[in-house]
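Q: Dropping the structure in here first, questions after.
The values are calculated or read from the model by the stated rules, or taken from the named source; none is laboratory data. Since we're looking at a predicted model, the values are computed, not measured. We place every Cβ from the backbone using ideal geometry, glycine too, and count neighbours over all the protein chains shown.
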Amino acid sequence: MNRLHLMILIVSTMLFTSCLLPYAFSVSVEEPLPVIPYANSHIETIQEIDLHYQLYGPISGDDPLVLLVHGLGASSTSFSSTAEFLQEHGYTVVAVDLPGFGYSSRSTKFDHSQENRARFLWSLADEIGGTDRVWHVVGHSMGGGAVAAMAVLDPDRVVSVMLIAGALEDENRIAGHLLRFPSIARWTQLFLERSLVTEEEVAKILETAYGRPAESHEVSSYLKPLQLPGTARSLTRMVSRAKSMPFSFLEELSMPIGAIWGDEDTIVPMEKAYEIHEHIDHLMLYTIEGAAHIPMETHPTVIHPMLLDFMQYAETRVQ
């Protein structure tokens with residue numbers, strides 16, 4: 001055997017081993033939710049997907065309802081103080097866990113495109129408030145793309161759109177293509193479960209997102225849902241199949257649209273807000289000095305009045 005044949009044999013063996021080796025280790029699969037996590041928790045099953053949400057206030061009257069949609073790796077609890085604040089000011093609020101996050105289903109068959117997420121959220125809204133109810137929709141980071149898509153799909157039922165550090169574009173195209181290879185997806189799932197979803201690593205991620213060290217209860221609120229079985233499989237499926245709606249669709253929207261950004265956000269920097277503004281002339285941009293990526297958790301006394309004033313302004317536009 002000459003050197004070329006030997007090299008080919010060695011490389012082939014390494015590739016073969018790298019493709020098969022990750023399957024020697026187990027990755028958790030989705031299990032039924034063991035308990036209802038919160039006193040105000042509800043589960044709505046839509047097309048065999050269990051959507052968990054927290055309901056703040058009664059469904060009564062015909063005033064606009066509020067939908068809060070979290071970002072990547074988060075859950076409805078990231079909006080806890082915001083939901084309580086809005087409830088105190090007379091709003092009924094729904095804080096939802098997107099499929100694959102929080103306490104919602106981790107199905108690997110779910111289509112995580114922004115358009116499909118928006119359709120699921122409208123189905124949830126219909127079940128909660130009926131098909132004629134209007135909504136304020138608020139999305140943080142990845143959730144911003146979902147609520148923007150909701151407004152595109154059914155603009156007549158959206159009183160206002162608020163983007164909090166809104167991530168409207170899929171920034172993981174290369175990773176998405178790579179994760180379509182089964183062996184790469186499997187290695188990624190193993191890494192997520194064994195190395196990334198730990199108290200230490202979540203604390204590091206939150207320190208960047210908060211712009212300050214995270215407290216133990218904050219780490220725990222993120223870590224517990226991420227440790228539910230099936231999360232790693234669902235996350236890799238999401239990244240491999242995520243699809244954004246074109247920015248051009250936003251140009252058709254006429255309802256009040258706001259954006260709240262921390263000027264020290266390094267995850268979705270302020271430049272993204274300016275890009276959105278190029279497509280939405282009437283965008284109302286609010287900046288929070290010294291805030292990073294999750295201002296509703298780190299700067300609630302600043303962001304909450306901004307959000308309330310914006311929603312009240314939007315309601316005057318439809319009266």
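Q: Filtering the range 271-304 down to residues that are assigned to a loop (DSSP other than H, G, I, E, B) and among the charged types (D, E, K, R), which residue is farthest from the chain's Cα centre (by Cα)?
A: Going through the qualifying residues, I end up with D281.
Q: Might you let me know whether the range 237-252 holds any residue that is over 15 Å from L196 (Cβ atoms), surrounded by 18 or more Cβ atoms within 10 Å (Cβ to Cβ), of a type outside the set (S, T, Y) and modelled with pLDDT of 95 or more?
A: Looking through the range 237-252, none of the residues is over 15 Å from L196 (Cβ atoms), surrounded by 18 or more Cβ atoms within 10 Å (Cβ to Cβ), of a type outside the set (S, T, Y) and modelled with pLDDT of 95 or more.
Q: Scan the range 223-232 and give yes if some residue there is closer than 19 Å to A292 by Cα and either charged (D, E, K, R) or over 15 Å from the mean Cα position of the chain (by Cα) (or both), otherwise no.
A: no
Q: Moving on to the next point. Here is a list of conditions, (1) under 23 Å from D62 (Cβ atoms); (2) touching a residue at least 60 places away in the same chain (Cβ under 8 Å); (3) among the polar types (S, T, N, Q), and Q114 meets all of them except one; can you say which number that is?
A: Single failed check for Q114: (1).
Q: Let me ask you something else. Of the residues D156, D170, D132, which is farther than 25 Å from P225 by Cα, at pLDDT below 95 and either surrounded by fewer than 24 Cβ atoms within 10 Å (Cβ to Cβ) or aromatic (F, W, Y) (or both)?
A: Values: D156 fails: at pLDDT below 95; D170 fails: farther than 25 Å from P225 by Cα.
Answer to the check: D132.
Q: Residues of the range 251-264 being over 19 Å from the mean Cα position of the chain (by Cα) and not in a loop (DSSP other than H, G, I, E, B), which ones?
A: Taking the range 251-264 as the starting set, the residues that turn out to be over 19 Å from the mean Cα position of the chain (by Cα) are 251-256, 263-264.
Passing the criteria: E251, E252.
Q: In the range 204-220, what residues are assigned to a helix (DSSP H, G or I) and buried (at least 19 other Cβ atoms within 10 Å of the Cβ)? Before you say what the answer is, go through the steps one by one.
A: Of the range 204-220, the ones assigned to a helix (DSSP H, G or I) are 204-210, 216-220.
Those that are assigned to a helix (DSSP H, G or I) and buried (at least 19 other Cβ atoms within 10 Å of the Cβ): L206, A209, Y210, E218, V219.
Q: Within the group S123, S81, which residue is polar (S, T, N, Q), closer than 22 Å to P32 by Cβ and in a helix (DSSP H, G or I)?
A: Numbers: S81 fails: closer than 22 Å to P32 by Cβ.
Just a single option satisfies the conditions, and that option is S123.
Q: Condition first: in contact with a Phe, Trp or Tyr (Cβ under 9 Å, 6 or more places away or on another chain) and not hydrophobic (A, V, I, L, M, F, W, C). Now tell me which residues in the range 32-52 satisfy that.
A: Selection gives P37, Y38, N40, S41, H42, E44, Q47, D50, H52.
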